[in-house]
Structure formats: C-alpha cells, structure tokens
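Trainee: This is the structure I want to talk about, given as structure tokens.
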Amino acid sequence: MRLPIEAVLDDVVAAVKTHGRCVLMAPPGAGKTTRVPLALLPAVQGRILMLEPRRLAARAAAERMAATLGEPVGQTVGYRMRGAAKVSKDTRIEVVTEGILTRIIQSDPELAGIGCVIFDEFHERSLNADLGLALVWEVRGALRDDLAVVVMSATLDAGPVSALLDAAPVVISEGRAFDVETRWLDTPTPKTTRLEQAVADLVLCALDEAGGSALVFLPGEGEIRRTQALLSGRLPADCVLRPLFGAMDFAAQRAAIAPCETGRKVVLATAIAETSLTIEDVRIVVDAGRARRARFDAGSGMSRLVTERVSKAEAEQRRGRAGRVAAGTCFRLWTKGEEGALAGFPPVEIETADLTGFALDLAQWGAREDELALLTPPHAGALAEARSLLVSLGALTPEGRISDHGRALAALPTHPRLGHMLSVAGAQAAPLAALLGERDILRGAGSDLDLRLRAVHTQDRAADRAGLERIRQEAKRLRKGLAQTAPLSTGAMLALAYPDRIGLRRKGDDPRYILSGGKGAALDAQDALAGQRLIVVADTDGHPREARVRMAAPITEAEIRTLFESQIAWQPVCEWSKREGRVVARKRETFGALVLDDRTWPDAPKTEIARAALDGIRQIGLPWSESARRFAARVTLMRGTGIAFPDMSDTALMADLDWLLPYLKGAKSEAALRALDITQALHSLLDWSQTQTLERDVPAQFTTPMGRQVPIDYSGDAPEITVRLQEMFGTTRHPSVGPNRVPLKVTLTSPAQKPLQVTMDIPTFWKTSYTDVRKDMRGRYPRHPWPEDPSVADPTLRAKPRGT
DNA sequence: CTCTCCCT
C-alpha cells in the first residue's frame with residue numbers, strides 16, 4: 001500500500017544528504033515511523049538510531065520494518081530497550097526507547113558507528129527526548145559534523161525546532177487519515193452539572209446520531225467507574241461497555257480493546273488511548289475535555305495529580321482516533337466559544353517533572369543547562385532543588401561536580417534516590433527498588449511496604465499478578481553486580497532513598513507526622529502503621545498542605561542515628577514562646593526538621609536571652625511608661641525642622657529593636673517586659689548635642705516668671721502646663737517650645753487651683769477676657785492681687801497679709 | 001471525588 005509519506009521521502013533524504021538535518025512534520029497514520037528509517041538507509045554511513053517514547057511502539061516499529069525487508073527482527077532492523085534487546089552485528093536500524101540514548105551517549109560521546117539519530121513523536125516533548133536532542137546536537141557540533149539528525153513530529157510548531165537545529169530544513173507531509181467531523185456543544189455545561197453526568201448524556205446522544213463503536217476520553221479511573229455506573233442499563237441493547245486505564249493488568253487491557261464479535265462497544269478510557277493503545281473499529285470519539293497531569297513540587301520532592309482542561313493539541317490527537325479506519329465523528333464536551341480559551345499544547349515535561357535524574361545527567365556530561373540546545377529551559381528553582389538533593393545523596397560535590405558515587409548512580413537504571421539506596425544497601429534492596437519503580441501493586445491495602453515485599457517474595461496474595469511478575473524480573477536485573485551487605489530493615493533502606501521523608505509522629509491522637517524535609521504527612525487512623533512513632537514515607541498523594549501517606553515503612557530511632565550520624569546535632573534554641581509568654585531556652589537534638597530530643601538549657605548566654613526577649617517585645621508591643629511617652633513626644637516636636645532627630649513612632653522604634661538590648665535587665669517573661677521603663681533606652685537614642693538641644697528647645701519643665709519649674713505635659717495634642725494666674729503676671733510673650741515655636745496650652749488657675757482660663761495666647765487674654773475673670777475673682781479672693789493691667793504687674797504667689 | 005502516562 002502506498003502511504004502519503006512516500007511523496008516526501010526524497011525531500012527528507014535530500015535534506016539529510018545536503019544539510020545533515022531535517023524536521024519532518026506528518027500527522028499520525030502517515031507512515032513516517034516505518035518508512036523514514038528505511039528510506040534513509042542507503043544515504044547514511046553506519047547505523048541509524050530511532051527513538052520511540054514507548055517500549056511497545058519501539059518493538060512494533062522494528063517488527064514492521066523487518067517484515068518490510070522480509071527478515072526477522074535482529075538482523076538489519078533491531079531494537080533495544082531496558083531489559084530487552086534484539087540486535088546483531090548486521091543491525092543497521094536500531095529502534096530504542098528514549099532513556100537508552102542518554103546511556104549510549106554518556107558511555108560513548110562520539111557515538112562511534114552511528115550515522116543518524118531520528119527522534120520520533122518529538123511533539124510529546126518528553127524530558128528524555130529534549131535532553132537526547134540537546135546531547136546529540138552537541139556531539140554533532142563538537143565531535144561529529146557527519147552525524148545526521150532528524151526530528152519527526154505530528155502536531156508541533158516546526159519553527160522553534162528548526163531554529164534550534166541551526167535553521168534545519170522543514171519537510172511537511174499531508175496526512176492520510178479519514179475525515180472526522182467535529183461537533184461542539186451549543187451551550188456550555190452548567191457548573192453545577194457533574195462531569196460524569198454530562199459525559200454520559202453526550203455518549204447517549206452520540207450513539208444515537210452516529211454509527212460504529214465509541215471511544216470516550218475521561219481524566220481518570222474514578223471518572224471512568226462513575227460514568228460506567230451512570231451508563232449501565234441506559235445503553236442501546238447492542239452496546240457493550242468497557243473501561244480502559246493504565247492500572248488494569250495487560251490481559252484486561254487487551255480484552256477491552258479487542259474487536260466486538262457483534263454490535264458496538266463503548267470504551268471508557270484515560271489518556272492511555274491517545275497514543276499507547278489503538279482501538280481499531282472506533283468511529284465515534286467523545287471527549288470530556290479534561291486531562292489529569294502530575295505536578296511535581298520541587299520543594300517537597302513529591303508530585304500530585306491535578307485535573308485540567310485539555311490542550312488543543314491533545315483534543316486534536318483524541319479527535320484523530322475516530323478516523324483510523326473510516327470517516328468518523330468527534331463529540332466535544334465544550335462549545336466552540338470555549339475552545340479559544342484552551343492552551344495550545346500540554347505543559348512540557350522539562351517544566352513540570354522531577355529533574356533529579358536530568359541534573360545528574362547534566363553533571364556527568366559536564367555541561368550547564370544554558371550551554372545546551374534545549375527547546376525549553378528547565379526552571380532554575382526546580383533544578384536547584386534537584387541539585388541540592390543530589391548533593392545530599394553524595395552524588396554531586398557542594399560545587400555541583402559529579403562525584404564517583406554520582407557516576408555510579410548515573411549508571412544504575414533507577415531514579416538517583418533508589419540508585420543511592422541500591423548502592424549503599426546492596427543486593428538486598430533490589431526488590432524494594434523494583435517495587436518503588438513500578439505502579440503500586442496493592443492499591444488501597446494500607447500503607448505498609450512490607451506487605452508488598454511479602455507479596456513479591458511469596459506466591460500468595462491477590463496482588464496484580466502481571467505487576468508482581470514485572471517487579472520480580474526487575475529485581476533480578478537490578479541485583480546483578482550488587483554486593484551482599486549487612487542486613488538492613490525496610491525502613492532503613494527506604495531512609496537512604498528518602499532522607500527528607502522520615503516522619504516523626506506529632507503529639508495527639510491523630511497519626512500525623514512531621515517529615516524531616518519540613519512538610520507534613522498523615523496516615524489513615526486505621527492504618528497498620530498508625531501507632532509507629534517513626535516512619536519513612538515512600539509515596540503520598542502530594543497534597544500541598546498535609547499529604548496522605550500511601551506507602552511507608554517503620555524505622556527505629558537507633559537506625560536513624562546510625563544512618564545519619566553526621567547530620568544529627570544538638571541545636572541551642574533560645575526563643576520567645578508565644579504560648580507561654582516568655583523566653584524559653586532549650587537544647588534540641590535535631591535531624592532535619594525532626595526533634596529527636598529536647599532539654600532545658602539552663603546556662604543560655606544572656607545575649608541570647610535578650611535577643612529572644614526582643615521577639616517578645618515584637619509580639620506584645622513597646623511597654624510605654626508615662627515618662628517614656630513624654631520623652632518621645634518631646635523628641636517628636638524637634639523633628640521636621642531640619643534638625644536630625646530620631647523617629648520615635650512605634651513603627652520606627654520596632655523596626656530595629658537593637659537599641660533596647662542593653663536595657664532589658666534580664667527580663668524573660670511578658671510581665672517583666674511590660675514592667676520595664678524604656679525612658680532611659682529612648683534617651684540613649686540621642687547623642688550629647690541632641691540631648692542639649694532638646695533640653696534647651698523642648699524642656700521637660702517650664703520655668704515660670706518666678707523661676708519655679710512646672711512640668712510640661714507632652715502627652716496631649718499640644719504641650720501643656722498648669723500654673724496660677726498670678727504667677728504669670730508680667731508675661732508679654734506667650735511661652736512656646738521647640739524650633740517651630742509651638743505655643744504651650746496654658747491653664748491658668750485660681751489661688752485655690754481651680755481652672756479659670758485655658759489659653760494659647762496670654763497677652764491677648766490680659767487684654768480681653770481677663771477683665772471678666774478679674775471681676776468675678778476679686779470678690780472671692782480679695783487678699784490676692786488682681787491688677788488692672790497684669791502685663792506690667794509683678795508675678796507673685798503670695799496673698800496680702802490679713803487685715804491690711 | 002483514592003492513583004494521568006511513560007522511561008533508564
């Protein structure tokens with residue numbers, strides 16, 4: 001059969017011959033995976049390496065090409081993937097899974113004997129493909145200008161890839177796929193309608209309007225089960241309902257996609273049916289419009305799942321599944337209007353994934369991320385977290401260079417965490433590493449990892465059979481070349497891989513734990529491990545506030561002390577306790593965020609106690625006494641006049657409390673702090689000349705015309721004095737303070753200290769209302785002077801002697 | 001409303 005790709009094969013070969021590079025865009029079904037490598041064979045010196053994102057696809061591509069040549073796999077065409085290879089010295093086309101390429105380049109940077117590297121399905125933008133392309137491009141630039149590079153992609157903006165590869169020629173092939181009609185909703189689904197209900201309704205409508213079997217895309221297993229429940233009994237009699245998702249064992253998956261003998265089938269599937277599994281007779285696609293994705297949180301080193309709207313690229317990929325065998329129809333659970341708001345592409349893996357292995361590969365290659373041809377740069381923070389984890393595992397030196405231990409970890413086919421565990425604990429850790437590298441075989445069976453290990457070692461247990469077999473095989477492969485070492489418990493081995501996830505039970509009845517990395521995690525109250533004081537957490541649901549533990553193992557304090565001796569230390573802690581309202585001085589023995597032991601610290605140095613007491617002040621506020629307020633008010637009057645004086649507002653004083661440090665007198669409790677008089681401390685904020693100026697311009701006391709000292713009250717809006725009216729006789733200028741000459745608020749009293757007048761202007765008072773005051777008072781206090789013009793009278797505090 | 005999908 002003639003495939004549409006054949007029309008452009010000559011262009012691809014020509015681009016490789018003259019430019020040594022090419023970007024080929026062709027839709028799924030165009031035949032690029034099987035035709036391009038064979039077409040390039042005569043044009044390439046040496047072997048052709050083709051990368052596939054999935055094992056199944058790699059094997060299938062090799063088989064198809066070998067069949068085209070009329071040979072068995074392993075002669076001209078072979079494949080190589082983790083744990084399986086069919087290649088010989090005659091092999092010229094080698095189909096490999098993406099992770100393999102990094103290994104090949106790291107062990108032989110010249111790529112000796114390889115003439116061309118093809119990246120298939122590059123639009124999926126896996127971390128390995130991005131890294132692989134960057135490394136191959138560097139090899140081509142530095143060591144091998146004859147090395148050809150071909151990037152093949154279905155839906156992708158070709159411009160950036162072409163630019164990345166120094167303006168590589170772009171070849172475009174139009175597809176062969178059958179027409180697929182797209183149907184949108186007329187009106188958006190109301191927010192109150194559950195997704196499963198809306199999907200079920202749309203499926204019934206689709207089956208009614210179009211013929212053939214249906215493929216329904218849902219975000220996850222839960223949605224699949226609930227939609228299944230809603231549909232069962234409501235489907236037309238000739239329809240069978242089949243769920244399909246990754247956690248099902250292989251045989252069940254095969255049964256779900258098997259063609260129907262009679263009638264139609266409705267397959268409820270996750271994204272597994274987007275690329276990995278092809279269902280042959282589908283002519284209807286129903287797209288719920290959601291995608292579940294892992295979001296890795298570098299801070300906690302854990303990932304969680306989020307459900308998001310699909311991107312346009314994913315929706316197109318799903319739509320295409322209706323046109324594999326004949327024209328079809330795609331029903332979208334959104335309106336045409338809503339479609340504009342969808343993202344163009346799903347997030348690329350390098351921006352969302354755990355970068356630990358990536359960072360180790362970079363270190364081994366000896367390049368920084370910004371020196372490589374990466375289409376999307378990794379986030380600096382995520383990369384920094386990855387490197388810090390690698391440093392803590394001893395894989396990188398603190399300067400970021402790879403260590404011998406790091407080289408050993410890079411050679412192991414596992415996450416560096418598990419590699420570290422294998423390298424330290426030896427062969428005994430192989431089953432545990434295999435278990436943790438696979439999907440959980442006992443979902444919902446409690447968190448204890450030993451349950452799972454027992455299932456691997458024995459034949460009983462109703463665990464996922466195929467999963468168990470994969471784990472046994474994997475354990476066998478991992479064990480090779482590892483030494484036998486002193487036996488360790490499951491928890492101790494796990495702690496090597498997850499030193500940041502050792503959990504110490506919090507106080508209280510709930511099985512809640514604080515993890516050594518600082519995050520929280522909780523066990524189910526019924527969980528078999530719920531009584532343990534110390535556990536190591538292998539997996540959680542990734543909830544950002546407090547994650548739920550999915551897999552864990554108990555560990556003893558003695559084991560932690562042995563494994564992490566150098567990281568456990570006594571930390572003196574002198575701090576303000578909000579709860580107790582006082583300074584507490586303790587010594588704590590800590591491992592990361594865990595407190596293993598906690599004792600009082602009776603001989604804490606005074607300076608430490610004072611520092612902690614300042615935190616108390618920060619919490620309770622400055623203990624203002626009346627005299628302190630008065631002083632601060634005087635200083636404030638000096639401000640804003642061009643003369644530099646400190647800001648004595650609460651905010652300014654609290655901003656840096658060091659000035660208070662020498663005046664705390666060993667106060668430790670809230671009561672003692674509140675009893676402090678801070679006047680002296682405030683005085684210390686002024687230097688000698690400021691103090692002199694203050695005393696002169698804003699004195700604490702007012703000197704009356706008689707030479708008597710009267711305190712000035714600075715606590716109100718205006719500075720204030722109270723004085724006997726007679727004592728102010730002779731005053732022709734109203735008294736004031738400060739460089740701005742702020743007038744004093746003067747309360748003039750009778751000889752019996754009763755207020756007679758409050759004035760801001762004594763000379764005017766003499767001339768005006770004094771006359772009335774004099775009239776009233778002269779009779780009541782006849783022995784005191786009440787002159788007609790007080791501005792020229794002598795001040796006095798005395799009365800005339802009786803009888804004169 | 002328990003866990004998308006891959007890979008060394």
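The values are calculated or read from the model by the stated rules, or taken from the named source; none is laboratory data. The shown structure was predicted, so the numbers you read here are calculated from the model rather than taken from an experiment. Neighbour counts are summed over all protein chains in view; Cβ atoms, including those assigned to glycine, are modelled from backbone coordinates with ideal geometry.
Trainee: For region A:243-272: of the residues being hydrophobic (A, V, I, L, M, F, W, C) and in a loop (DSSP other than H, G, I, E, B), which is farthest from A:Glu438 (Cα to Cα)?
Mentor: Ranking the candidates gives A:Cys260 first.
Trainee: Considering A:Met248, A:Met302, which residue is touching a Ser or Thr at 6+ places or on another chain (Cβ under 7 Å) and either under 20 Å from A:Thr189 (Cα atoms) or of a type outside the set (Lys, Arg) (or both)?
Mentor: That would be A:Met302, the only listed residue that is touching a Ser or Thr at 6+ places or on another chain (Cβ under 7 Å) and either under 20 Å from A:Thr189 (Cα atoms) or of a type outside the set (Lys, Arg) (or both).
Trainee: So, in region A:258-296, of the ones that are within 16 Å of DNA strand B (Cβ to nearest atom) and at pLDDT below 85, which residue ends up surrounded by the most Cβ atoms within 10 Å (Cβ to Cβ)?
Mentor: A:Ile279
Residue-wise test of (1) in the same structural domain as A:Leu529 (by TED's automatic domain parsing); (2) without any contact (Cβ under 8 Å) to a residue 40 or more places away in the chain; (3) over 29 Å from the mean Cα position of the chain (by Cα).
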site: A:Ala547; (1), (2), (3): yes, no, no
site: A:Arg550; (1), (2), (3): yes, no, no
site: A:Pro554; (1), (2), (3): yes, no, no
site: A:Ile568; (1), (2), (3): no, yes, no
site: A:Gln571; (1), (2), (3): no, yes, no
site: A:Lys587; (1), (2), (3): no, yes, yes
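Trainee: When you scan region A:1-112 for strands (runs of 3 or more DSSP E) that lie fully inside it, which ones turn up with 3 or more residues that are under 28 Å from A:Glu474 (Cα atoms)?
Mentor: Answer list for region A:1-112: A:47-52, A:77-81, A:84-86, A:93-97.
For (1) touching a Lys or Arg at 6+ places or on another chain (Cβ under 9 Å); (2) polar (S, T, N, Q); (3) within 15 Å of DNA strand B (Cβ to nearest atom); (4) farther than 26 Å from A:Pro160 by Cβ, each residue gets a yes or a no:
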{"site": "A:Ala26", "(1), (2), (3), (4)": "yes, no, no, no"}
{"site": "A:Leu38", "(1), (2), (3), (4)": "no, no, no, yes"}
{"site": "A:Glu52", "(1), (2), (3), (4)": "yes, no, yes, no"}
{"site": "A:Glu71", "(1), (2), (3), (4)": "no, no, no, yes"}
{"site": "A:Thr76", "(1), (2), (3), (4)": "yes, yes, no, yes"}
{"site": "A:Lys86", "(1), (2), (3), (4)": "yes, no, yes, yes"}
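Trainee: Looking at A:Glu121, A:Glu110 in this structure, which one is on the phi > 0 side of the Ramachandran plot and outside the structural domain of A:Leu231 (by TED's automatic domain parsing)?
Mentor: A:Glu121
Trainee: Identify the single condition in (1) away from DNA strand B (no atom under 12 Å from the Cβ); (2) closer than 30 Å to A:Arg125 by Cα; (3) part of a loop (DSSP other than H, G, I, E, B); (4) in contact with a strand residue (DSSP E or B) (Cβ under 7 Å, 6 or more places away or on another chain) that A:Ser300 does not satisfy, given that it satisfies every other one.
Mentor: It fails just one condition, (4).
Trainee: Between residues in region A:721-733 that are assigned to a loop (DSSP other than H, G, I, E, B) and residues that are surrounded by 19 or more Cβ atoms within 10 Å (Cβ to Cβ) and not charged (D, E, K, R), which pairs lie under 6 Å by C-beta distance while being six or more apart or on different chains?
Mentor: A:Phe729/A:Pro790; A:Phe729/A:Pro795; A:Gly730/A:Pro795; A:Thr731/A:Ile762
Trainee: Could you count how many residues in region A:539-588 are more than 30 Å from A:Leu673 (Cβ to Cβ) and part of a strand (DSSP E or B)?
Mentor: Count: 13.
Trainee: Okay, next question. Would you be able to say whether some residue in region A:228-242 is on the phi < 0 side of the Ramachandran plot, in a helix (DSSP H, G or I) and more than 16 Å from DNA strand B (Cβ to nearest atom)?
Mentor: So far as region A:228-242 goes, yes, one or more of its residues are on the phi < 0 side of the Ramachandran plot, in a helix (DSSP H, G or I) and more than 16 Å from DNA strand B (Cβ to nearest atom).
Trainee: Report yes if A:Arg59 is within 14 Å of DNA strand B (Cβ to nearest atom), of a type in the set (D, E, K, R), over 27 Å from A:Lys17 (Cβ atoms) and touching a Phe, Trp or Tyr at 6+ places or on another chain (Cβ under 6 Å), otherwise no.
Mentor: Criteria met by A:Arg59.
Trainee: Still on this model: Taking the stated definitions as given, is A:Glu385 farther than 30 Å from A:Ile514 by Cα and modelled with pLDDT under 95?
Mentor: Taking the combined requirement at face value, the residue does not satisfy it.
Trainee: If you don't mind, another one. Report those helices (runs of 4 or more DSSP H) wholly inside region A:387-496 carrying at least 2 residues which are within 15 Å of DNA strand B (Cβ to nearest atom) and small (Gly, Ala, Ser).
Mentor: A:404-411, A:416-425, A:430-437, A:465-479
Trainee: What pairs come up if the first residue lies in region A:778-804 and is under 17 Å from A:Pro763 (Cβ atoms), the second is crowded, with 16+ Cβ neighbours inside 10 Å and acidic (Asp, Glu), and their beta carbons are under 8 Å apart, counting only those six or more places apart or on different chains?
Mentor: A:Pro795/A:Glu727
Trainee: Please determine, by comparing only the residues of region A:534-567 that are modelled with pLDDT under 95 and of a type in the set (Lys, Arg), which one is surrounded by the most Cβ atoms within 10 Å (Cβ to Cβ).
Mentor: A:Arg550
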